[in-house]
Amino acid sequence: MRLNYEKIYNNVDEIKQIERNDPFVVAGLAVHAITAYSKDKEKSIEMIQYLMDKDIQPISNLLIQEINDSMMDKKDYIGKSYFVGATPDNNYEPSIPLSIDVEENPHSYETEGYVRLFLKSGGADNLRPITLRKTKDGRYLLFSDTVRGLLAGIRIPESDNPWA
């Protein structure tokens, strides 16, 4: 499914306006939360915590540290790499209109109450999994530390590649 956006969301107030009853939408919002890190890491963490729901799954200090470590050295391209058209060759400038592709597979719904979806990154060879869990009131939340899988192994932009 292709999700389209008019802008990249940069704070929790912007994403609170969006219903979380569709796992594809929540997966897309996770990309916005990661992308927001380059502007304000506290707001990014707040967005991730909102998508996890702090009353149900408080974000751990370990996950916060792993996010900080992954995004160290101005890796602002990681989140942007999930937007359609953003690749290392163009320094991860996404195509307009802004879009994110989220996919399912035959195993996405194998475990009741959970959905495993996959995000395409222009800086990775394989789709990246993200797991969401459905609450009894019908909302989907990022499950546990699933956001960690979106952060690792994204190729650096061509402009930063010393070997290119």
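Readers should treat all values here as calculations from the given coordinates under stated rules, not as data from a laboratory. Because the structure is predicted, anything quoted here is derived from the model rather than measured. Here Cβ is always computed from backbone atoms with ideal geometry, including for glycine, and neighbour counts include all displayed protein chains.
Computed from label points 7 Å out along Cα-Cβ, the spacing between ILE8 and LYS120 is 1.9 nm. Our compactness index for the chain, the C-alpha radius of gyration over the empirical 2.2 N^0.38 Å, is 0.98. Partners of LYS41 within straight-line reach, counting lysines whose Cα lies under 25 Å from its Cα and excluding those fewer than 8 residues away in the same chain: LYS7, LYS16, LYS54, LYS74, LYS75, LYS80, LYS120. Starting from the 7 Å offset along Cα-to-Cβ, what nm value, one decimal, do you get for the label separation of GLU93 and LYS54? For GLU93 paired with LYS54, the spin-label model returns 3.8 nm. Would you pull out the residues with amide H under 5 Å of LEU98's amide H, same chain only if 5 or more places away, H placed 1.01 Å from N? Hits under the 5 Å cutoff: TYR5.
Treat every Asp and Glu Cβ in the chain as -1 and every Lys and Arg Cβ as +1, leave all other atoms uncharged, and give the resulting dipole magnitude about the Cα centre to the nearest 20 debye.
With only Lys, Arg, Asp and Glu charged at Cβ, the dipole is about 160 debye.
Exposed loop sites are taken as chymotrypsin sites (Phe, Trp or Tyr not before Pro) in a DSSP loop (any state but H, G, I, E or B) with at most 14 other beta carbon atoms within 10 Å; the longest stretch of the chain without one runs 1-108. The Cβ shell under 15 Å around ASP53 holds other residues with a net charge of +2, Lys and Arg each +1, Asp and Glu each -1.
For segment 75-164, run through the GluC sites (Glu not before Pro) and keep only the ones in DSSP coil with at most 15 other Cβ atoms within 10 Å of their Cβ.
Sparse-neighbourhood loop GluC sites (Glu not before Pro): GLU104, GLU110, GLU112.
Annotation note: trypsin sites (Lys or Arg not before Pro) in segment 60-118 located in DSSP loop regions with a Cβ neighbour count of at most 13 within 10 Å are LYS74.
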